[in-house]
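Following: one structure in structure tokens, then a few remarks.
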Amino acid sequence: MNYIGSKYKLSDFIFTTIQSVVGNNLSNKIFCDLFAGTGIIGRKFKSSVKMVIANDFEYYSYVLNKNYIGNHNPIPNKEKYIEKLNNIQPTVGFIYNNYCIGSGSGRQYFSDNNGKKIDAIRQEIEKLKDSKEISNELYYFLLASLIESADKVANTASVYGAFLKNLKRTAQKELIIESADFTINVNDHIVFNEDSNKLIKQIEGDILYLDPPYNTRQYGANYHLLNTIALYDYFEPKGKTGLRNYKKSQYCSKHSVINAFNELIENANFKYIFLSYNNEGLMTVDEVENIMSKYGKYSLANIDYQRFRADKEENRKHKSNKTIEYLHILQKK
């Protein structure tokens, strides 16, 4: 997935930096990814640590992490169900009625056929779960596979804050469900769908990795349609883009981010804390250092990298696609 703030290209840098601080052998460590997103960093550490705790408030993220992090044993016959979903007949449902142009909705997030296919597949996955034909593990695997495959044929410029006027080339392709394959290992892992500042008071471990939103873009708005596919609930979509109600993050506001971050660090029961944040964030390097250094030994690592662009308009506002990713490091008292 093209994802705002994705750490895919930075995962090696983050992994080696954490090892340089904590030690190369992480096999007895509990690692927490508190703002997990698509689970890229949790996946990177999954085979190396005793346990991964993954959390994100957005439900589509919870589904992805329930699959990629929570699933760790082989799932029998999972490819049989992938084949079954790919051969399903399209049907009219909530996605087609509200997010496809042929329904008269005025929105074109998917081609008409792909919208109907998403509806049919999503309904079938829920039927399989309700009938207890499939396990919870298989349910989240199939749902994650649908979310990622639907994203590949979405008629957007990467995020769902708006749809394109005409169907782009990738959106004209037929939706094919591809398996969201996960890493097999012997350890159990835990996945949450909670407010990070509340969850931090209930968990503990060795390594806490933080990758909160760094600017005013709300994930609940930018990825609202992935939440709608994941939840498949019924509501009245709002406005031209068909938004659903969503909770705004404290980390997306200059007025609240400092207090929220300070509270998080204060309540964190972890020996090592690592914060990913770049030079365009709402908090400055000095502000982060001032907060983290109150609670122990602080240091900083950084790397230059190619920034992610969600749209062409934003590209024109910046002379360079380069940005600096900071990894703030705290060894807590």
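Nothing in this text is a laboratory measurement; each read-out follows from the coordinates by a stated rule. Owing to the predicted nature of the structure, the values given are computational and were not obtained by experimental measurement. When we count neighbours, we look across all protein chains shown, and the Cβ atoms used for this are built from the backbone with ideal geometry, even at glycine.
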Degrees, to the nearest 10: 136-152 long Cα axis against longest axis of the chain
80
Per DSSP helix of 4 or more residues, -39500 (n - 2.57); summed, then divided by the residues of the chain. What does that give at 222 nm, rounded to the nearest 500?
-10000 deg cm²/dmol
In Å³ and rounded to a whole number, note down the convex hull volume per residue for the Cα atoms of the range 81-123.
53
What is the Cα centroid distance between the range 236-282 and the range 131-173, reported in whole angstrom?
25
Ranking Ile200, Ser135, Asn185 by how far each Cα lies towards the positive end of the charge dipole of the range 97-202 (+1 on Lys and Arg Cβ, -1 on Asp and Glu Cβ), the top one is Ile200
Please compute the contact order of the range 1-117 in relative form: average sequence separation of alpha-carbon pairs under 8 Å and at least six residues apart, divided by the residue count, as a percent.
16
List the equivalent ellipsoid semi-axes of the chain in whole Å, largest first, each obtained as the square root of 5λ for an eigenvalue λ of the Cα gyration tensor.
34, 24, 17
Using the Cα centre of the range 86-142 as the reference point, and only Cβ charges (+1 on K/R, -1 on D/E), how large is the resulting charge dipole? Debye, rounded to the nearest 20.
120
In whole Å, largest first, what are the principal axis extents of the Cα atoms in the range 43-137?
51, 28, 20
Choice from Gln250, Gln218, Gln202 showing the highest fluctuation, given a GNM over the chain with Cα pairs closer than 10 Å:
Gln202
Using a 10 Å cut-off on Cβ atoms, rank the peptides 37-43, 64-70, 257-263, 283-289 from the highest mean neighbour count down.
64-70, 37-43, 257-263, 283-289
Mean-square fluctuation check for the chain, GNM, Cα pairs under 10 Å: which of Val21, Val159, Val63 is largest?
Val21
Size of electric dipole in the range 92-218: Cβ of Lys, Arg +1 and of Asp, Glu -1, about Cα centre, debye, nearest 20
820
Can you give the Kirkwood hydrodynamic radius of the range 1-53 from its Cα pairs, in Å with one decimal?
11.5
Values of log10 I(q)/I(0), in the order q = 0.16, 0.17, 0.27 Å⁻¹, for the range 122-193 under a Debye, Cα-only, solvent-free model:
-0.75, -0.81, -1.20
So for the chain, averaging the separation of alpha carbon pairs under 8 Å that are six or more residues apart and normalising by length, what relative contact order in percent results?
19
Kirkwood Rh in Å, taken over all unlike Cα pairs in the range 179-234
14.9
Could you size up the charge dipole of the chain around its Cα centre, putting +1 on the beta carbon of Lys and Arg and -1 on that of Asp and Glu, and report it in debye to the nearest 20?
640
I'd like to compare 205-213, 325-333: which one has the highest average count of other Cβ atoms within 10 Å, and what's the full order after that?
205-213, 325-333
PRE zone check, label point 7 Å out along Cα-to-Cβ of Lys50, amide N under 14 Å, scope the range 15-33, hits 25-32
The chain: antiparallel DSSP beta bridges as a percent of all, rounded to 5:
55
Tell me, what is the FRET efficiency for Leu300 and Ser135 to the nearest 0.05, using R0 = 56 angstrom and their Cβ-Cβ distance as r?
0.80
Over the range 1-55, calculate the relative contact order: mean separation of alpha carbon pairs under 8 Å at least 6 apart, over the residue count, as a percent.
37
How far apart, in nm, are the 7 Å Cα→Cβ label points at Glu83 and Asn267?
4.9
